Structure formats: structure tokens, C-alpha cells
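Heads up: the structure comes next, in C-alpha cells.
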Amino acid sequence: MSLEPTFRNIRGTFDILPQDGRSEGAHDMPSRAWQHVEQVVREVLERFNFREIRTPILEPTELIARGVGQLTDIVSKEMFAFRRGDTNYVLRPEVTAPVMRAYLQHRLDQQGAVQKLYYIGPCFRAENPQKGRYRQFHQFGVELIGAETPEADAEVIAAMMAVYEAFGLKNLRLRINTLGDAESRPRYREALRAYLQPLADRLTPTSRQRLETNPLRILDTKDERERRLLEGAPRIIDFVDEKGRAHYEAVKAHLQALGIAFEEDPFLVRGLDYYTHTTFELESPDLGAQSALAGGGRYDLLAMDLGHDAPVPAVGFAAGIERLFIALQAQGYAFPEEPPLDAYLVSLGEEAMRRALVEAQALRRAGLRVDLDLKGRSMKAQMREANRQQARYAVIMGERELAEGRAVVRDMQSGQQQEVPLDELADFLKGAVRVS
Ligand code: HAM
């Protein structure tokens, strides 16, 4: 192969290889580790009785624009969107709006009063790639649709925490807040604007712009000077009505009852516009600048933003898988080893190679993991390959052994060899693999 490939994967995306990715453009964890993470996520979420939903990667752009919000960074700057014919398509930047679309479209409310759905899959945002921030990344998450109780919020947060607990991750920080409802938010927005307007010339250009368009977003500034300016800002909780406050108090009480530690952060607003009431974010100290492992909240009005005629109470979270990997690696997580190859069939000569193909099939039917030489290499090269693949046994098939209906089975660790009749090979290997 030539040294310089003609094509490379797009910056901010990566290939997941069967082995640890050490080259540029490959994820540093092998596909086996991804499968493991996905399996743990599924097991934990299914224990909570969340069931999987798979929605398309392609969605109508308008769904995301209306769902996530025109003024958000995601919609205004980060969508991979294109037009074909009369249709505007977007590569989904998140999965909450698509899940709500599917819920409304398929009348899932008729399948049970509460729908508990989970997903795992890729999302796309045209952000500036850096550690923990990619253009194609992967999320897992849940959406609990149909319940407006604070218990539902607590259930979603408990499911999120259970996933990280299953991986044994330590030092996580859960922050929570409430944003009130459709009445309190605009009133708060105006109060915040009134507070910040006289300070406008001390704000960063981005915040000055947000003061006009979306002042709440100024609250999650990382700029130290701005943070100090915000210390005297009005708090959203003072604008939330009694019902909203009672909901928030109940969520906190449930988290306490569940033994889930949290901190209240009156400035936690999140970057998507569909939230009402509870919002939350989970951080890990191991992530650096992109500190959020997961985030979510309640979004009772999203259904109406998508054209439904009544609110549909819902709450969910989503988590970045790449960021979970960063935290796992930082904490020295032991990923399961690759399962070993049970046998590598070494064949000598054309006829033997044909027989090996058929024998391999029979051994696989018997449940063994088996590979064979497909290049007609020398015996030495084939034995090296059996070694490289860490096969437990090499099954050597020469023309003479085959003529006698036998093969030589070599234990690759001890070097011991014995002849085994071909029709007993599967049972022999299965027994041998079981005891070793
Ligand atoms: P989000 O906070 O935009 O929320 O994304 C959730 C998680 O996805 C983040 O905490 C982060 O771990 C990961 N993530 C986001 N962008 C990137 C990126 N460019 N590269 C790598 N990881 C990233 C949502 O998406 C909402 N749909 C969450 C939700 C579900 N709310 C209610 N239900």
C-alpha cells in the first residue's frame, strides 16, 4: 500500500477499529470496548424497563429547528443540513426531538400511558473539533414520555446515575436547576435583560449579542469576569410559580431518598430551548474543558413546538459515549479482553485448504471460534499467524493426515501435540477449550 492515502476521514469524525486505534483519525478504543460500553448501557437501562427506539439519522431540518430552537448554537451554527429537491434534511444533532416526533407520529401514547424509551447512536454537530468535542459523536439516552410527576424526573436521573455507577466512575458532579414554565421564563428573561443591559459594555461580544437574542444563555458563561457580574443577577427560582417550586422541591427530595448527591446551580440553563422545569447536567473532573458527561431535563412543551395540540409531559437525558470513554480511561477502567480464538486451521496443500474450509464450518457450527489460512501460506507462516491471533489450538491438516481422516492438534501454550480423528475434532476441541 502507498504511504499517503488518497482519502482520510473527515476531521471531527473517526474510525472505530478492531484494535486500539493508534493512527490519526481512529478512535483510541477498539470496537470491542464500544460493544462492551453499549452492552452495559443496554443492560442498565433495560433494568429500568426502558425499551429501545431507533430513529433515522436523517430528519427534516424543520423538526430540529423548531424542536431545539432557532436561536440555539446547535441550530444557528452547527447543523449539517442540506437540500435535495423540495426537502431540507439534517443529520440529527440530538435525539430528543426525533423521539418526540416518532412518539406523536406513531401515537405511542396509545401503547401505554408512560413510554420509557432509550437510544444509542450517532449525532452530528458542526463544532470545532477538540478533545471531547467531535462532529460525529455518539449518544445514549432515555426519554420518558407521558408522566408529569417529579418521580418521573427522579427516575430519569436515577437511570442516568445507574449507568455511571455500573462502570464504577467516581467523583461525578450532578448539578440541577429549574427553569419554571412557559409563563415564568419570559418574565425571568426580561428581568435578566434589565439587569444586564446597563452592564452591556462589560460583556463579551457573544454575550452582548445574546443579551438581545437569548439572555438566559449568558448564564452559563465560562468567562470569570462575566461570572462575577452575574453574582447579583436575579435568580430564576424567584420567578417560578408555586406549582413549579413544589415540583422542584419534590425532585430534590426524591434524589435525596435515592441517595443521589447533587448540587443546585441557579445558572444551569443548558443549550437547547425545549426545557421547562427541571434541568440537570453531570460532570466529570476527568474531562477538562468539555466537562459534561451527560445532561437533560423536562420538556413538556416540545410536543406543542412540533405542532401537537396539547402539551405532552416528558423528561430525559442524553450522554456522550466518547466522553464516557475519556473518563473511563482516566480512571483506569478494565475493559474486558478480546475472547480468544479457539482454533486456527493450518492446511498444507490445495486439497487440505479445501478441506480446512469445510472443517472450519463444522467447528463453528459446534460453537467454536475458528479461523483458517486463506492465502496458501507456508506452514511456518501459518503457525506464526496462529500465534499472532493467540489461538488456543492449531489444527494442522496435511495431505497425509487427511488421507487417514485425522488432524494434528497442537496446544499453542504447552506445545503438546496429538492426533485426533476428524469426526471427533469438534468434541475434542470443545472439551479442551472448556477445561483450559
Ligand atoms: P446535550 O447536552 O446537547 O443534550 O448533549 C448531551 C451529551 O452529548 C453531552 O453532555 C455530551 O456528553 C455529548 N455531546 C454533545 N455534543 C457533543 C460533541 N460535539 N462531541 C462529543 N460529545 C458531545 C442533548 O443532546 C439533549 N437531547 C439531552 C436530553 C435528552 N434532554 C432531554 N432528553
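The values are calculated or read from the model by the stated rules, or taken from the named source; none is laboratory data. None of the values given here were measured: they were computed from a predicted structure. Don't worry about glycine lacking a Cβ; one is built from the backbone with ideal geometry, like all the others, and counts go over all protein chains shown. In case anyone asks, the SASA skips ligands and DNA or RNA and just uses the protein heavy atoms, side chains included. Shrake-Rupley method; radii C 1.70, N 1.55, O 1.52, S 1.80 Å.
Looking at the stretch 84-98, can you tell me whether even one residue there is aliphatic (A, V, I, L, M) and open to solvent by 30 Å² or more (accessible area, probe 1.4 Å)? The answer is yes, given that some residue of the stretch 84-98 is aliphatic (A, V, I, L, M) and open to solvent by 30 Å² or more (accessible area, probe 1.4 Å).
Screening 351, 338 for residues that are part of a loop (DSSP other than H, G, I, E, B), away from the ligand (no atom under 16 Å from the Cβ) and at pLDDT below 95 leaves exactly one candidate, 338.
A single member of 311, 266 is under 19 Å from residue 174 (Cβ atoms), away from the ligand (no atom under 11 Å from the Cβ) and surrounded by fewer than 18 Cβ atoms within 10 Å (Cβ to Cβ), and it is 266. Regarding the stretch 102-112, can at least one residue be identified that is within 9 Å of the ligand (Cβ to nearest atom) and touching a strand residue (DSSP E or B) at 6+ places or on another chain (Cβ under 7 Å)? No, there is no match, as no residue in the stretch 102-112 is within 9 Å of the ligand (Cβ to nearest atom) and touching a strand residue (DSSP E or B) at 6+ places or on another chain (Cβ under 7 Å). Considering the stretch 24-75, the residues that are over 21 Å from residue 308 (Cα atoms) and hydroxyl-bearing (Ser, Thr, Tyr) include one that is surrounded by the most Cβ atoms within 10 Å (Cβ to Cβ), namely 72.
Looking only at residues of the stretch 127-146 that are in contact with a helix residue (DSSP H, G or I) (Cβ under 7 Å, 6 or more places away or on another chain) and not in a strand (DSSP E or B), we find that the one that is surrounded by the most Cβ atoms within 10 Å (Cβ to Cβ) is 134.
Does residue 261 satisfy being free of Cβ contacts under 8 Å to residues at least 12 places away in the same chain, open to solvent by 20 Å² or more (accessible area, probe 1.4 Å) and outside any strand (DSSP E or B)?
no
Restricting attention to the stretch 1-23, the residues that are surrounded by 10 or more Cβ atoms within 10 Å (Cβ to Cβ), of a type in the set (D, E, K, R) and under 30 Å from residue 339 (Cβ atoms) total 2.
Each residue in the stretch 423-436 was checked for being in contact with a helix residue (DSSP H, G or I) (Cβ under 9 Å, 6 or more places away or on another chain) and open to solvent by less than 20 Å² (accessible area, probe 1.4 Å), and 2 of them qualify. Inclusion of residue 125 among residues that are basic (Lys, Arg), at pLDDT 95 or above, more than 8 Å from the ligand (Cβ to nearest atom) and closer than 30 Å to residue 328 by Cα is not warranted.
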